[in-house]
1. Would you check which residues across the stretch 69-109 are over 19 Å from residue 47 (Cα atoms), over 20 Å from the mean Cα position of the chain (by Cα) and assigned to a helix (DSSP H, G or I) and list them?
2. When residues of the stretch 323-354 are filtered for being more than 20 Å from residue 136 (Cβ to Cβ), touching a helix residue (DSSP H, G or I) at 6+ places or on another chain (Cβ under 8 Å) and in a helix (DSSP H, G or I), how many remain?
3. Which residues, counting only those in the stretch 276-290, are over 17 Å from residue 351 (Cβ atoms) and not in a loop (DSSP other than H, G, I, E, B)?
4. Just give me the residues in the stretch 121-130 being part of a helix (DSSP H, G or I) and closer than 11 Å to residue 157 by Cα, in sequence order.
């Protein structure tokens, strides 16, 4: 497990990155000015002998310190690993102009969340995958991740890590918080935070009000956003956050929040009163995914890396560090011997019972313009 100092450094870094991402999101307008063709004529990433160099764009603090070095040593592929995906919309705004011209900025792998992967695919910015070069990936991928609604055949995406969005609670200060609706209880006024990622926050609010997020209409989304907006105006909601909500929770300024499962694993070690609580109405399930963008200079090396991190021993090393849900079969068996506390943690290896009421992360219905209307309404609430 990570040391206390390392955990605190990671949390401070994430807090800073969240602020940068929020400012960038406002600057880029959440992805206005889309251009691109479609996915009808995108190429298939070519395989072959993996040599040369590899460039990866990923989220901060999403891999251990050894894996890249060991991958380079084993394969001879010089690897540049860049932590430049701080927010899905912000990253899209940064690379969209290049991708629309068939260029990747030298990137061979980019890692974004389900809905952004689908968006890039529909715009023709992502290459198809040739499954014959991903035998290890498809031999070892968890069955539950093989056929997601946004990419049913895994035609263009490979899961990097998965997770759950639900409640994070200071159980010594708010022991009765069991539902998302409990966040709107006046007794917790000013001590509640929500996530700035719309697809994490809004569907959970809808589910708590009896709306199935997978069947929700635009009106359902707007009603939930209106509910959130009123809670902001009344002072019920302290603020919108990324990972940095944990800092307020450690201090006791926040007693309950919508948050991500992996962050809770880290902070529980610092304060055992901070717990992930599966909402009574269920959680949101999501994955961040590896994609090979159009114009990637070295697809064979990308395939090699994807296969490498799908070897259970290699993936176990990543899982020990990031504490999110591994997409790879056999990792739990490795960690039972190596680190039983992680292997038996329901937030890292959730049981079917634990996630029985959960749903896959969803986007608003409709076309790009209709979704943009909902996104803007939520952004107006977030920015005040």
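The values are calculated or read from the model by the stated rules, or taken from the named source; none is laboratory data. Computed from a predicted model, the values in this text were never measured in an experiment. Reconstructed Cβ throughout: ideal geometry from the backbone, glycine too, with neighbour counts over all protein chains shown.
1. If the condition is that a residue be over 19 Å from residue 47 (Cα atoms), over 20 Å from the mean Cα position of the chain (by Cα) and assigned to a helix (DSSP H, G or I), then 69, 70, 73, 97, 98, 99, 100 are the ones that fit.
2. Residues that pass the stated criteria total 4.
3. Matches in the stretch 276-290: 284, 286, 287, 288, 289, 290.
4. To start, the set of residues in the stretch 121-130 that are part of a helix (DSSP H, G or I) comprises 121-122.
The one that is part of a helix (DSSP H, G or I) and closer than 11 Å to residue 157 by Cα: 121.
Each row is one residue, and each column tells you yes or no for (1) under 24 Å from residue 198 (Cβ atoms); (2) at pLDDT 95 or above; (3) out of contact with any strand residue (DSSP E or B) (no Cβ under 8 Å at 6 or more places or on another chain).
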{"residue": "71", "(1), (2), (3)": "no, yes, no"}
{"residue": "86", "(1), (2), (3)": "yes, no, yes"}
{"residue": "90", "(1), (2), (3)": "yes, no, yes"}
{"residue": "110", "(1), (2), (3)": "yes, yes, no"}
{"residue": "114", "(1), (2), (3)": "yes, yes, no"}
{"residue": "128", "(1), (2), (3)": "no, yes, no"}
{"residue": "133", "(1), (2), (3)": "no, yes, yes"}
{"residue": "136", "(1), (2), (3)": "no, yes, yes"}
{"residue": "141", "(1), (2), (3)": "no, yes, no"}
